[in-house]
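The values are calculated or read from the model by the stated rules, or taken from the named source; none is laboratory data. Please read these numbers as outputs of a predicted model, since none were measured by experiment. Please note: Cβ atoms are built from the backbone with ideal geometry, for glycine as well, and neighbour counts cover all protein chains shown.
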Amino acid sequence: MPHFVKHLLAKVISLYLIYFPNQSARITRKNIQLAYPLMPKHQQHQLSNDSIEELSQKFFDLLTTWVKPVADSRERVTIVRGFSEFQQTTDGQPTLILLPHLGNWELFGLWLTQYRPYTAMFRPLRVPEISAFSFDLVISNPPYIPRHEIAVLAPEVASFDPVRALDGGGDGLASWRQVMPAIARHLASSGQAFVEIGAGQAPQVTPIAAAAGLQVTDMHADLGGIVRCLTLSHVS
């Protein structure tokens, strides 16, 4: 695709995203507001628009990664830092790499396969080999707010977090009933899990953990003295 055509199409898409309601624009604007709360509103607005336009350009750059020869994509990587240390640290071991999405994992994957096998996952695969993974450390912060309390949350929470990131069901414990068995399955025998809980939920979350074969080994309070984090391990 000629560069000027690609640039023109990206411009059209960015204008659509900027001026018509859509999820990508809403998320971009919220992220800018959270990252730069002291920035004047007009500057936040301009930065959001610039970010959306860059996203559109990246989308069409991404297309070239899919259709061009692999060698062409690899040649686009011109600066690499820390790779020798990465190789030494991970040599012979399965390694989980977290990457931003659009345009990053595609190019990184093509480049990395020169040196080692690579599998890209949008989400955990439902295969025994993946399900058998265990981890020495698990951190979890699932939705734990009782549904009836969401409407009275502080604006800095309710106005920015999506409801599904807050809603813990009628009693605030629905997510824990799903999460605890998963933690127990994937936590190594000597591993530890750190989970954030709602204020006053320790007495309710502890038996849910116990039912999954986990024990609370420590509790951590926030600056107000309220227990908000539990340390879990497998029952000895």
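Selection of the range 202-219 for residues being part of a strand (DSSP E or B), free of Cβ contacts under 8 Å to residues at least 24 places away in the same chain and not β-branched (Val, Ile, Thr) yields Gln215, Asp218, Met219. Checked against the criterion of being modelled with pLDDT under 90 and polar (S, T, N, Q), the range 224-232 has no qualifying residue. Within the range 3-25, being in a helix (DSSP H, G or I), more than 23 Å from the chain's Cα centre (by Cα) and not aliphatic (A, V, I, L, M) holds for His3, Phe4, Lys6, His7, Lys11, Ser14, Tyr16, Tyr19. Scanning the range 12-32 for residues that are free of Cβ contacts under 8 Å to residues at least 24 places away in the same chain and polar (S, T, N, Q) gives Asn22, Gln23, Asn31. Once the range 103-119 is narrowed to residues that are in a loop (DSSP other than H, G, I, E, B) and modelled with pLDDT of 70 or more, the residue that is surrounded by the most Cβ atoms within 10 Å (Cβ to Cβ) is Tyr118. The set of residues in the range 26-85 being in contact with a helix residue (DSSP H, G or I) (Cβ under 9 Å, 6 or more places away or on another chain), among the charged types (D, E, K, R) and not in a helix (DSSP H, G or I) consists of Arg76 alone.
Tell me yes or no: at least one residue of the range 149-164 is under 21 Å from the mean Cα position of the chain (by Cα), closer than 26 Å to Ile27 by Cβ and buried (at least 18 other Cβ atoms within 10 Å of the Cβ).
No, the range 149-164 contains no residue that is under 21 Å from the mean Cα position of the chain (by Cα), closer than 26 Å to Ile27 by Cβ and buried (at least 18 other Cβ atoms within 10 Å of the Cβ).
Mind listing whichever residues of the range 90-102 are assigned to a loop (DSSP other than H, G, I, E, B), at pLDDT 70 or above and either surrounded by 10 or more Cβ atoms within 10 Å (Cβ to Cβ) or not aliphatic (A, V, I, L, M) (or both)? Matches in the range 90-102: Asp91, Gly92, Gln93, Pro94, Thr95, Ile97, Leu99.
Taking the range 133-186 as the range and being aliphatic (A, V, I, L, M), without any contact (Cβ under 8 Å) to a residue 40 or more places away in the chain and in a helix (DSSP H, G or I) as the test, the residues that pass are Ile150, Ala151, Val152, Val157, Ala158, Val163, Ala165, Ala174, Val179, Met180, Ala182.
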